[in-house]
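Below you'll find the structure, written out as structure tokens, and then a few comments.
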Amino acid sequence: MSLINAFEMKIDLRIKEDLKKFLTEERTRSKSTVQIRSAHPLDQLDINLLYKAIPRLKGIAYRVIIDPSLIAGLIVQQGSQIIDLSLSGQLKNLRASIYEIDR
Amino acid sequence: MKSIDEYLKTIKNELKTTKMQILSQEEGVVTEVKDGVVVIEGLDKAAYGELVEFESEVKGYIIDLTEEGVGVIVLGDYLPIQVGEKAKALGRSLSLPMTEELLGRVIDPLGSPIDDGSKIKSEIFFPVEKIAPGVVAREAVLQPVQTGIKAIDSLIPIGRGQRELIIGDRGTGKTTIAIDTILNQKNENMICIYCAIGQKNSKVAATVELLKKYQAMDYTVVVSASASDSAALQYVAPYCACAIAEYFMSLGRDVLIVYDDLTKHAWAYRQISLILRRPAGREAYPGDVFYLHSRLLERACRLNEKNGGGSITALPIIETLEGDVSSYIPTNVISITDGQIVLDTDLFNSGIRPAINVGLSVSRVGGNAQTKIMKQVAGQLKLDLAQYRDMAAFSQFESELDEETKKLLNRGAKITQILKQKKNRPYGLAEEVLVIWAATKGYIDGLPLQQVDEWEEKLLEDLATRKKKLLEKVNSRKVLDAELEKEMEAAVKELDMV
């Protein structure tokens, strides 16, 4: 977003063009790679299991980020699409459904 | 009762079978928070009108799609939402729970009660934004809405399924006309919905009290987004009210819906659009203000038998400035609706209440819906009034006028007097017919102008007590014939005030 804001300022036209190019490239790159947030480090076995569960991820470059706040499981993100397979996400859903019944 | 072991067994079994579903969701990041509007980056596959949930569990409604993300209006408190917060698309559009228990309730546009009643629960949900029924599902407007206001029922009749605009300056009695119409629907088999947009909470409370006092809340739902609610809620309020109307219409009922008022609705939409940086057009309204109101009012309709046969009659209200009906929003809504009731400050101040400007007011489809007997009576009324308007300018030179003109002027003055009506005092069809019939037949021509009110009151009292049969006859027969006319004549002559 900071890059988008930069366009609204008075910037040299040449730099602006370059920035725009960089931004679109950055965007397409982030869309084509898969980001996996996991509570624990993943080994090849885990990745294979993941491929088995979600076959369309095969062959796409991925990046693993360790995030202990998930408690267990992982979150797969590709572009704006998210597949939440974490314990924290499930707990959040549980809380929401309990709250709903309560009302 | 089951033993603990049995419970444990079921829990164990449950745990063995993994029911983990792999669901993909759309997620985005909040990049801007403005007055009730949030800009989110991401959400590539979200649709227009989809609901969005923030981490703080507040929900939003997508009304803008751009290259980088979406614009969302927040339905609720937007202050806890922070930049950098995640927001996920819920994959469904905004809809409200519908039940018959809505009747008598006061709710906000999201269906949460704002009276002291319980939460509204239902399995049935209706979408807030819906495409209006098409040509095939519709039918001509043929049944009347009895407003109980003499001037409207006789001169500007409204039919079930019509959209009739009520337009006028502030304080000319626009809301009064709408509320009186709701009050008169008591035994008319009609569901009423009053949608207050951007009004003072005190005014809404007073209106609800008034409806309760006349037992009108039994068949009425009040939807309110007050002036203190966010522009987002004010923007969705009429669509929510219309969704409720559609629910009752789907049950085959006739529904009357009052939008009070659409000027403030346009203001709320203008605010949202300007925050979203949409190009501003005339008076800073965005380019699609016309569509804003046309898609709302198109949802008013009369369905044919095949499609359930219900109807939605809409009475939108527009406030003008200094009687200027030709400014932007008023002309837009005038062109969308099937006619308008124009209220005039000058008439109001000179004591003609309801202050309906008969010359400017029209009803484009209501004529076919008017009751036969009213049509027969109103024909003469229209003629007399039109002639009176032509001659009114000469009334100052009364001594120099010929007999014929004097007669016309006298008749016109009496009829104008007869069309006045106290507020919150709707008339039944028979009462209206008898009063107007007597005036147009010249039975009160000899009466001094000051005594007309007294005469009318006496006539109504007489009808309500001794001549109940005549009232019933007029109400049931609905056609004026020689026999009925004789009876009416006898009733009027008996009063002997003339």
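The values are calculated or read from the model by the stated rules, or taken from the named source; none is laboratory data. If you're wondering where the values come from, they're calculated on a predicted model, not measured in any experiment. Here the Cβ positions follow ideal geometry from the backbone for every residue, glycine too, while neighbour counts run over all protein chains shown.
Among the residues making up segment A:1-54, those that are touching a helix residue (DSSP H, G or I) at 6+ places or on another chain (Cβ under 9 Å), modelled with pLDDT of 85 or more and of a type outside the set (A, V, I, L, M) are A:Phe22, A:Arg37, A:Ser38, A:His40, A:Tyr51.
The residues of segment B:288-327 that are touching a strand residue (DSSP E or B) at 6+ places or on another chain (Cβ under 7 Å) and in a helix (DSSP H, G or I) amount to a single one, B:Leu297. Residues that are within 39 Å of the chain's Cα centre (by Cα), within 10 Å of chain A (Cβ to nearest Cβ) and touching a residue at least 24 places away in the same chain (Cβ under 8 Å) occur in segment B:89-102; there is at least one. One residue stands out in segment B:11-23 among those that are within 13 Å of chain A (Cβ to nearest Cβ) and not charged (D, E, K, R): the one that is farthest from B:Gly60 (Cα to Cα), namely B:Thr18.
One line per residue, one yes/no per condition, for (1) in a loop (DSSP other than H, G, I, E, B); (2) without any contact (Cβ under 8 Å) to a residue 12 or more places away in the chain; (3) of a type outside the set (Ser, Thr, Tyr); (4) loosely packed, with under 13 Cβ neighbours inside 10 Å:
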| position | (1), (2), (3), (4) |
| --- | --- |
| A:Ile60 | yes, no, yes, yes |
| A:Ser69 | no, no, no, yes |
| A:Ile75 | no, no, yes, no |
| A:Asp84 | no, yes, yes, no |
| A:Gly89 | no, no, yes, no |
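Considering only residues of segment B:161-179 that are in a loop (DSSP other than H, G, I, E, B) and surrounded by 24 or more Cβ atoms within 10 Å (Cβ to Cβ), which is farthest from the chain's Cα centre (by Cα)? Looking at the filtered set, the residue picked out is B:Thr172.
Output the residues belonging to segment B:374-427 that are closer than 26 Å to B:Val479 by Cβ and hydrophobic (A, V, I, L, M, F, W, C). Listed by number, the residues that qualify are B:Met374, B:Val377, B:Ala378, B:Leu381, B:Leu383, B:Leu385, B:Ala386, B:Ile415, B:Ile418, B:Leu419. Among the residues of segment B:225-253, the one identified as aromatic (Phe, Trp, Tyr) and either over 20 Å from B:Cys301 (Cα atoms) or touching a Gly at 6+ places or on another chain (Cβ under 6 Å) (or both) is B:Tyr235. Would you call A:Ala53 more than 12 Å from chain B (Cβ to nearest Cβ), farther than 27 Å from B:Gly69 by Cβ and small (Gly, Ala, Ser)? Here the answer is no, as A:Ala53 does not meet what is asked.
When segment A:58-85 is filtered for residues that are within 11 Å of another protein chain (Cβ to nearest Cβ) and at negative phi, the ones remaining, listed by number, are A:Ile75, A:Val76, A:Gln77, A:Gln78, A:Ser80, A:Gln81, A:Ile82, A:Ile83, A:Asp84, A:Leu85. Cβ-Cβ distances below 8 Å connect the following pairs, each with a first residue in segment B:370-382 that is touching a residue at least 12 places away in the same chain (Cβ under 8 Å), a second residue that is assigned to a helix (DSSP H, G or I) and among the aromatic types (Phe, Trp, Tyr), and a separation of six or more residues or different chains: B:Val377/B:Trp437. Considering (1) under 33 Å from the mean Cα position of the chain (by Cα); (2) without any contact (Cβ under 8 Å) to a residue 40 or more places away in the chain; (3) closer than 26 Å to B:Pro144 by Cβ, the lone condition that B:Asp453 does not fulfil carries the number (3).
Considered as a group, the residues in segment B:243-279 that are in contact with a Pro (Cβ under 6 Å, 6 or more places away or on another chain) and not in a helix (DSSP H, G or I) include one that is farthest from B:Val74 (Cα to Cα), and that residue is B:Tyr259. Scanning segment B:66-80 for residues that are over 30 Å from the mean Cα position of the chain (by Cα), more than 12 Å from every other protein chain (Cβ to nearest Cβ) and under 30 Å from A:Leu74 (Cβ atoms) yields one hit, B:Pro80.
Considering B:Val128, B:Val145, B:Val141, B:Val136, the condition of being touching a helix residue (DSSP H, G or I) at 6+ places or on another chain (Cβ under 9 Å), under 17 Å from B:Ala241 (Cα atoms) and among the β-branched types (Val, Ile, Thr) is satisfied by B:Val128 alone. Considering only segment B:24-58, how many residues are at the interface with chain A (Cβ under 10 Å from one of its Cβ atoms), under 34 Å from the mean Cα position of the chain (by Cα) and buried (at least 21 other Cβ atoms within 10 Å of the Cβ)? Residues meeting the conditions: 2. Could you please find all residues in segment A:10-45 being under 18 Å from the mean Cα position of the chain (by Cα) and more than 24 Å from B:Leu43 (Cα to Cα)? Across segment A:10-45, the qualifying residues are A:Ala39, A:His40, A:Pro41, A:Leu42.
Annotation: B:Arg295 fulfils all but one of (1) charged (D, E, K, R); (2) modelled with pLDDT under 95; (3) under 30 Å from B:Leu183 (Cβ atoms); the unmet one is (2).
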